[in-house]
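Worksheet: the structure to be examined is printed underneath.
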Amino acid sequence: MKSKSHLEDIVTAIRKQTAVEPKTAVILGSGLGHFTKQVTNSVVIPYADIPHYPHPTVEGHSGQFVIGTIGQEPVILASGRFHYYEGYDIETITLPQRLFHKLGIKNLIITNAAGSVRKDFQPGDLMAIKGHLDFTFRESSNLPAVVKGEPFHSEQLLKLARTAASRENINLKVGIYTWTLGPAFETPAEIEMIRELGGDAVGMSTVPEIRTAGKLGINALGISCLTNYAAGITTATLTHQEVMETASRVSETFSRLIRGIIITIGKGDHYDH
Ligand code: HPA
């Protein structure tokens with residue numbers, strides 16, 4: 001996906017399928033695709049039906065957009081994302097953000113499955129992302145520093161997430177998400193270093209998406225489903241299956257949280273678009 005006209009073709013293909021003009025977008029991470037059931041009057045557009053659009057290759061990522069409404073808010077959900085470790089370049093990974101920008105999206109909720117780097121954030125907990133670390137060493141071999149707050153992490157959306165969580169009786173953690181290249185899980189030594197640098201969770205996505213959204217002026221909020229303790233936090237061996245199982249166990253709570261955030265955005269009483 002190199003040219004501007006490709007992006008226009010993609011927008012045209014989506015607009016042809018629905019008159020809904022979504023204002024809020026959600027990217028659903030590993031095993032969280034069931035959230036699409038929350039959408040009313042939904043139109044499903046498989047990525048495969050969209051010209052120039054890439055296809056995800058990872059289990060748990062189905063590869064479709066679902067457009068419709070949640071409460072009063074017009075939404076677009078992306079079920080299935082692209083990871084750097086699948087061999088895509090950064091431009092392809094961040095295509096959804098550029099597409100959302102063209103579609104007029106104001107708010108973006110980015111979800112993911114992540115490992116917990118601290119004992120008191122347990123598997124099954126949900127964590128709102130208030131800042132990030134880039135631990136990929138793609139741009140520099142220096143140790144990364146935490147990047148917090150605006151323009152990458154919307155303070156207004158974070159506040160809404162806290163409100164929605166307390167209304168729904170969900171114990172929402174708030175912390176720093178660390179991007180690692182993957183696809184292998186990290187080593188215990190890497191996790192120790194990530195902890196020292198201020199990371200609370202670790203995963204293989206989200207940071208390029210957050211950066212692009214911030215640069216385009218989209219309000220972004222990341223929510224991690226902590227699916228496992230990161231390597232070395234306990235002696236257990238990590239598997240993608242554990243990630244999928246925990247994501248599925250937490251899916252109902254996760255849905256309530258994301259739905260609660262979107263409903264509050266839709267009411268617009270605590271929020272200006
Ligand atoms: N590390 C990296 N990515 C992950 C993990 C992890 O422990 N769990 C889920 N995604």
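Just so you know, all these numbers are worked out from the coordinates, no wet-lab data involved. Being a predicted model, the structure only gives us computed values, none of them experimental. Backbone-built Cβ (ideal geometry, glycine too); neighbour counts: all protein chains shown.
Rg over Rh for the chain works out to 0.94, using Cα positions for both radii and the Kirkwood form for Rh. Only Lys, Arg, Asp and Glu carry charge here, each on its Cβ (+1 for the first two, -1 for the last two); on that basis the stretch 42-124 has a dipole of about 260 debye about its Cα centre. When the charge dipole of the chain is built from unit charges on Cβ atoms (+1 for Lys and Arg, -1 for Asp and Glu) and taken about the Cα centre, the candidate among Val44, Ser140, Leu181 whose Cα reaches farthest toward its positive end is Val44.
Highest mean packing comes first when the peptides 195-201, 145-151, 180-186, 109-115 are listed by Cβ atoms within 10 Å, giving 109-115, 195-201, 180-186, 145-151. Considering only beta bridges that DSSP places wholly inside the chain, some 40 percent are antiparallel.
Peptides 237-244, 248-255 ranked from most to least packed by the mean count of surrounding Cβ atoms within 10 Å: 248-255, 237-244. Computed from the C-beta positions of Ala236 and Val174 and an R0 of 25 Å, the FRET efficiency is 0.50 to the nearest 0.05. When the stretch 215-271 is described by a simple charge dipole with +1 on each Lys and Arg Cβ and -1 on each Asp and Glu Cβ, the residue from Tyr229, Gln241, Ile261 located farthest towards its positive end is Ile261.
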